[in-house]
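The values are calculated or read from the model by the stated rules, or taken from the named source; none is laboratory data. As the structure is a prediction and not an experimental result, all values here were calculated from the model. All Cβ positions, glycine included, derive from the backbone under ideal geometry; neighbour counts span all protein chains shown. Each accessible area value is taken on the protein alone, full model and side chains, heavy atoms only, with ligands, DNA and RNA left out. Shrake-Rupley method; radii C 1.70, N 1.55, O 1.52, S 1.80 Å.
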Amino acid sequence: MLLYGLNNYYQNHRLYRQSQSFLQLLGDVEGSCYVKEYCDPYNQDGEEVTYYPKGAIANSYFTDTFKIKRGFKDSKGEEIIPDFTDISWKSDRDSKFLLPANWKGWTPENGEYAMPKDWNIWTDNDKDAQNMNGTSYKILPSDIRDEHLINWMNPAAFPSFTKLYGKIKLDPGTYTLEVAYRYHVDAFHGEKFVRLAETSWMGGRSYFLGSAYCIVGFFCLVAAAFFVVISRQTRAKRHERKKKIDEQLVHYKDQNNNAHSSTL
């Protein structure tokens, strides 16, 4: 798998996470945000045409693209084209990201739809974008069901995260990765990185869960050892306290029996 990642990027910020319209993603172009102000200034353009999709998440769509070829940089190796199908959750494709009934694309003559505010920066670049072998590719999504857009529209839980860019299978050897640098991160002191990962029937490799389980398990063992030590140190005191209580109960019973006998 080919993944891209960002550091110091807070997709988990409350205002950022809520800067989208779930109704709009379900096919209602005029669907409002949970709170209207959360989507400002990415609600409408200057002609009061609604952005589709609206909100900061869609507007900040990741526009870097990657190319991989065999061999070194100056060689004429074969380009490896990733598989971009089924890289998002099936439930999102089937239920969450749905096209409007009259969708015709982001075209000037179709005034009902305006692409997000900052996407216009890349519309001209879209026409000139080409792979190493001369075939064209798209920088921007073709519609709301684009799987790169779907992955981006699902905010990450941590400020350091990765998102799936494509599925790729590489044989052992030398490869060159070419990055089209468009997404600037220096303004918020962020970092970008690319990762190649292997998958199995259990999914991708994740060190986070394993590390979390080991750390929690370690503290549980320390806590268990602490309570065992405390229990052993207080065992004699607890035994002595119990013995005194038993003696007091026996003495109390004897006194009651003597008082009962004297009464008779």
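Key figures for this structure:
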| read-out | value |
| --- | --- |
| Label zone at ASP118, where the point sits 7 Å out along the Cα-to-Cβ direction: region 142-167 residues whose backbone N lies under 15 Å | 152-153 |
| Convex hull volume of region 12-100 per residue (C-alpha atoms, cubic angstrom) | 166 Å³ |
| C-alpha long axis of helix 235-263 to longest principal axis of the chain, angle in ° | 40 degrees |
| Sulfur and carbon atoms: percent of accessible area, the chain [1.4 Å] | 56 percent |
| VAL194, VAL216, ranked by accessible area, largest first (probe 1.4 Å) | VAL216, VAL194 |
| Two-decimal log10 I(q)/I(0) for region 154-199, as the Debye equation yields it once each C-alpha is a single scatterer, q = 0.19, 0.27, 0.32 Å⁻¹ | -0.87, -1.31, -1.43 |
| Cysteines having no other Cys beta carbon under 4.7 Å from their own, within the chain | CYS214, CYS220 |
| Listed residues GLY31, GLY105, GLY217, most fluctuating in the chain (Gaussian network, C-alpha, under 10 Å) | GLY217 |
| Structure-derived percent of Cα pairs over 35 Å apart - corresponding label in (i) 30; (ii) 20; (iii) 40 | (iii) |
| Residues SER142 and PHE72, FRET efficiency given R0 of 45 Å [Cβ-Cβ distance, rounded to 0.05] | 0.85 |
| Residue-normalised accessible area of the chain, given per residue in Å² at a 1.4 Å probe | 67 Å² |
| Packing-based order for 159-168, 230-239, 8-17, 86-95, using average beta carbon neighbours within 10 Å, highest first | 159-168, 8-17, 86-95, 230-239 |
| Set of lysines with alpha-carbon distance to LYS169 below 25 Å, sequence-local pairs under 8 removed | LYS67, LYS69, LYS73, LYS76, LYS90, LYS138, LYS192 |
